[in-house]
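The values are calculated or read from the model by the stated rules, or taken from the named source; none is laboratory data. As the structure is a prediction and not an experimental result, all values here were calculated from the model. Glycine gets a Cβ as well: all are built from the backbone with ideal geometry, and neighbour counts include every protein chain shown. Note: accessible area is taken over every heavy atom of the protein model, side chains too, but ligands, DNA and RNA are not part of it. Shrake-Rupley method; radii C 1.70, N 1.55, O 1.52, S 1.80 Å.
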Amino acid sequence: MFSNSKIRLLYANLYNLNNFKHITMYLNGYNIRDNYNSIKEILNFKRLDMFSYKLKKSGIRTQFLLDITKIILKISKSKPCKDNTDIVMFKEMNFNGIIDETNCLQMDGAYKFRINKILETHKNLKSINFTCPIRKEVNCNFVECELSYNKEFGEKKVR
């Protein structure tokens with residue numbers, strides 16, 4: 001199997017929900033619980049450096065970039081969770097030749113306020129290459145269309 005921008009755009013247009021015809025890729029970071037299987041592993045990492053706020057225990061984080069057809073396009077190196085947030089790891093990944101101006105990357109809400117920092121390291125991308133769920137503002141309830149969009153956004157991500 002292979003993936004290119006034309007295939008991703010055609011597939012998105014055929015199979016994505018109406019509000020998401022533009023989404024051609026997904027990016028997500030995963031925290032994985034670490035098992036210390038050897039003395040060597042224990043010596044390589046300090047437990048506190050591996051603390052994951054999501055897991056409430058030590059773990060490692062890995063970033064995955066998938067296209068709309070679920071082909072894995074890029075996997076980051078797995079790193080200790082504490083100092084390697086999703087944003088830090090995303091900035092370190094090299095997307096040259098993978099993401100171009102025709103692609104739109106679906107990301108979770110953690111990335112929304114960091115897109116400008118991401119653009120500093122990825123000069124070929126613009127803010128229109130990213131989409132995130134709508135964030136709730138303090139003391140403001142969502143209106144029905146925002147709830148619907150976020151519900152579809154989450155469903156699209158797992159589909």
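Sites listed here are chymotrypsin sites (Phe, Trp or Tyr not before Pro) in the stretch 94-159 whose DSSP assignment is loop and whose Cβ has at most 16 other Cβ atoms within 10 Å: F142.
Length gained on full extension, F142 to V88: 16.5 nm, using 0.36 nm per residue less the C-alpha separation. For the stretch 74-119, the share of accessible area belonging to carbon and sulfur comes to 49 percent (1.4 Å probe, ligands and nucleic acids excluded).
So which of K77/K112; K6/K126; K91/K151; K77/K117; K77/K123 end up more than 25 Å apart by C-alpha?
Numbers: K77/K112 23 Å; K6/K126 19 Å; K91/K151 28 Å; K77/K117 21 Å; K77/K123 22 Å.
Among K77/K112; K6/K126; K91/K151; K77/K117; K77/K123, the Cα-Cα distance tops 25 Å for K91/K151.
Among the GluC sites (Glu not before Pro) found in the stretch 99-159, those both in a DSSP coil and sparsely packed, with 11 or fewer other Cβ atoms within 10 Å of their Cβ, are E101, E137.
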